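**Student:** Please find one structure pasted underneath; my questions will follow.
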Ligand code: NAD
């Protein structure tokens, strides 16, 4: 198939380029928007990522160009208008799972970095300042960790935390038997929030989970607890998190995601000004540790994403030529 690959980053190009024999891929650096959608002209499929715009007007523009397939190289589909795609007859593929360890281990890295003050410690060493004054951290052993969403990533994260000697509480609309067997206790959300020293988000962003941690929910969390968000920025009310941190009503926030990250993440603004006040509050807050959506960024995950997506695109192509009308996701 001829695939227009939007918002191409150098780190992923190599993993997809090896499939050029199977499909013809045009790498485009621009983000997919209504304006840039014209770059898909002459292709049959579009490949996009979390920061691309797959709203109804963009899907309509793609349909007019004859695009019948959008292949998302990610798990979450919160930036895709699935209803509009269905109405327009555009098939949406995504990567249902890839190394859950990539994101789970990044969440652990954020947590460890936060509780042991690693960013500040490293900065000091770079400056030749070997003082450890003010770097006192805390053990994770024996702490209660509350996991919201126990799918692929939530389960991988829970197992690592069990290995640390933590007590695990979980909340999910569909409990995982494997975690129950491992001694994880499923509890209602208010109890998880009230008892956890670490609250870690691993559910998708949906209408039900949008701002799941709003001001009311944050008020139920222990004032010393750390909220860990490696899932989606929209799962929390960022301003309410920052206000709680300022009031010392929350211990810390460590995140790999931000609600308005599309405008900023995965691009270099070091010589320009960042004009997003909430993002600036996050960046400069002494009790926030933020990375720019890199949880998926391991060699293993990138390899699996490319392999899974190309396999599905080939299956879609074959099933169409054999006259199968519906492709299972
Ligand atoms: P998954 O589908 O395997 O698991 C999601 C879990 O959330 C499921 O167990 C589901 O039952 C649960 N869930 C759904 N709605 C819920 C609700 N209302 N309340 C409680 N639980 C609910 O997905 P996954 O592979 O584990 O990924 C989880 C999320 O991680 C993705 O949706 C995505 O937002 C995020 N993610 C982030 C990165 C990154 O680079 N930071 C990379 C991949 C995925």
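The values are calculated or read from the model by the stated rules, or taken from the named source; none is laboratory data. Note that the structure is predicted; figures quoted are calculated from it, not measured. Quick reminder, even Gly has a Cβ in these numbers, built from the backbone with ideal geometry, and neighbours come from all protein chains shown.
Yes/no per residue for (1) within 15 Å of the chain's Cα centre (by Cα); (2) under 23 Å from residue 210 (Cβ atoms):
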{"position": "256", "(1), (2)": "yes, yes"}
{"position": "287", "(1), (2)": "no, no"}
{"position": "301", "(1), (2)": "yes, no"}
{"position": "314", "(1), (2)": "no, no"}
{"position": "320", "(1), (2)": "no, no"}
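**Student:** Within the range 196-208, is even one residue crowded, with 21+ Cβ neighbours inside 10 Å, touching a residue at least 24 places away in the same chain (Cβ under 8 Å), under 21 Å from residue 232 (Cβ atoms) and more than 21 Å from the chain's Cα centre (by Cα)? Please lay out each step first, then the result.
**Tutor:** As a first pass, look at the range 196-208 and keep what is crowded, with 21+ Cβ neighbours inside 10 Å: 196, 198-203, 205.
Among the residues that remain, those that are also touching a residue at least 24 places away in the same chain (Cβ under 8 Å) are: 196, 198-203, 205.
If we keep only those that are under 21 Å from residue 232 (Cβ atoms) as well, we get 196, 198-203, 205.
Now restrict to residues that are more than 21 Å from the chain's Cα centre (by Cα): 196.
Yes, some residue in the range 196-208 is crowded, with 21+ Cβ neighbours inside 10 Å, touching a residue at least 24 places away in the same chain (Cβ under 8 Å), under 21 Å from residue 232 (Cβ atoms) and more than 21 Å from the chain's Cα centre (by Cα).
**Student:** Sticking with this one: Considering the range 251-280 alone, what residues qualify as being out of contact with any strand residue (DSSP E or B) (no Cβ under 8 Å at 6 or more places or on another chain) and not in a loop (DSSP other than H, G, I, E, B)?
**Tutor:** The answer is 261, 262, 263, 277, 278, 279, 280.
**Student:** Does any residue in the range 16-29 that is without any contact (Cβ under 8 Å) to a residue 40 or more places away in the chain come within less than 7 Å, Cβ to Cβ, of a residue that is in a loop (DSSP other than H, G, I, E, B) six or more places away or on a different chain, and which pairs are these?
**Tutor:** Short answer, once both residue conditions are applied: 26/43; 27/8; 28/6; 28/8; 29/8.
**Student:** How many of the residues making up the range 28-38 are outside any loop (DSSP other than H, G, I, E, B), buried (at least 17 other Cβ atoms within 10 Å of the Cβ) and out of contact with any helix residue (DSSP H, G or I) (no Cβ under 6 Å at 6 or more places or on another chain)? Quick ask: steps written out before the conclusion?
**Tutor:** Applying the first criterion (outside any loop (DSSP other than H, G, I, E, B)) to the range 28-38 yields 36-38.
Now narrow it down to the ones that are buried (at least 17 other Cβ atoms within 10 Å of the Cβ): 36-37.
Imposing the further condition that a residue be out of contact with any helix residue (DSSP H, G or I) (no Cβ under 6 Å at 6 or more places or on another chain) reduces the set to 36.
Summing the residues that are outside any loop (DSSP other than H, G, I, E, B), buried (at least 17 other Cβ atoms within 10 Å of the Cβ) and out of contact with any helix residue (DSSP H, G or I) (no Cβ under 6 Å at 6 or more places or on another chain) in the range 28-38 gives 1.
**Student:** For the range 257-289, what are the residues that are under 20 Å from residue 245 (Cβ atoms) and in contact (Cβ under 8 Å) with a residue 24 or more places away in the chain?
**Tutor:** Here is the first cut: in the range 257-289, the ones under 20 Å from residue 245 (Cβ atoms) are 257-261, 274, 276-289.
If the condition is that a residue be under 20 Å from residue 245 (Cβ atoms) and in contact (Cβ under 8 Å) with a residue 24 or more places away in the chain, then 257, 258, 259, 260, 261, 278, 281, 282, 285, 287, 288, 289 are the ones that fit.
**Student:** Restricting to the range 66-91, give me the number of residues that are at pLDDT 95 or above and out of contact with any strand residue (DSSP E or B) (no Cβ under 9 Å at 6 or more places or on another chain).
**Tutor:** 5
**Student:** Being under 19 Å from residue 70 (Cα atoms), surrounded by 16 or more Cβ atoms within 10 Å (Cβ to Cβ) and either at pLDDT 95 or above or within 16 Å of the ligand (Cβ to nearest atom) (or both) narrows it down to one of 301, 306, so name that one. Explain how you work it out, then say what you get.
**Tutor:** On the way: 301 fails: under 19 Å from residue 70 (Cα atoms).
Result of the check over 301, 306: 306.
**Student:** For the condition over 18 Å from residue 6 (Cβ atoms) and in contact (Cβ under 8 Å) with a residue 12 or more places away in the chain, what is the one hit in 97, 45, 84?
**Tutor:** Within the list 97, 45, 84, the selection yields 97.
**Student:** Here's something else I'd like to know. If a residue must be within 16 Å of the ligand (Cβ to nearest atom), assigned to a strand (DSSP E or B) and either within 30 Å of residue 184 (Cα to Cα) or under 15 Å from the mean Cα position of the chain (by Cα) (or both), how many such residues does the range 93-144 contain?
**Tutor:** Summing the residues that are within 16 Å of the ligand (Cβ to nearest atom), assigned to a strand (DSSP E or B) and either within 30 Å of residue 184 (Cα to Cα) or under 15 Å from the mean Cα position of the chain (by Cα) (or both) in the range 93-144 gives 0.
**Student:** For the range 213-234, which residues satisfy the criterion of being in contact (Cβ under 8 Å) with a residue 40 or more places away in the chain and either surrounded by 21 or more Cβ atoms within 10 Å (Cβ to Cβ) or assigned to a strand (DSSP E or B) (or both)? Give the derivation first.
**Tutor:** Restricting attention to the range 213-234, the residues satisfying the condition of being in contact (Cβ under 8 Å) with a residue 40 or more places away in the chain are 226, 228, 230-232, 234.
Answer for the range 213-234, where residues must be in contact (Cβ under 8 Å) with a residue 40 or more places away in the chain and either surrounded by 21 or more Cβ atoms within 10 Å (Cβ to Cβ) or assigned to a strand (DSSP E or B) (or both): 226, 228, 230, 231, 232.
**Student:** Listed residues 78, 52; which is farther than 24 Å from residue 23 by Cα, outside any strand (DSSP E or B) and within 16 Å of the ligand (Cβ to nearest atom)?
**Tutor:** Working: 52 fails: farther than 24 Å from residue 23 by Cα.
Being farther than 24 Å from residue 23 by Cα, outside any strand (DSSP E or B) and within 16 Å of the ligand (Cβ to nearest atom) holds for just one of 78, 52, which is 78.
**Student:** Count, please, the residues in the range 1-24 that happen to be out of contact with any helix residue (DSSP H, G or I) (no Cβ under 6 Å at 6 or more places or on another chain), in a strand (DSSP E or B) and surrounded by 15 or more Cβ atoms within 10 Å (Cβ to Cβ).
**Tutor:** 2
**Student:** Read through the list (1) crowded, with 20+ Cβ neighbours inside 10 Å; (2) within 16 Å of the ligand (Cβ to nearest atom), then give the number of the only condition that residue 90 fails.
**Tutor:** Among (1) crowded, with 20+ Cβ neighbours inside 10 Å; (2) within 16 Å of the ligand (Cβ to nearest atom), residue 90 violates only (2).
For every residue, the table says whether it meets (1) in contact with a helix residue (DSSP H, G or I) (Cβ under 9 Å, 6 or more places away or on another chain); (2) over 22 Å from residue 78 (Cα atoms).
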residue	(1), (2)
161	yes, yes
169	yes, yes
172	yes, no
178	yes, yes
181	no, yes
186	yes, yes
203	yes, no
207	no, no
211	yes, no
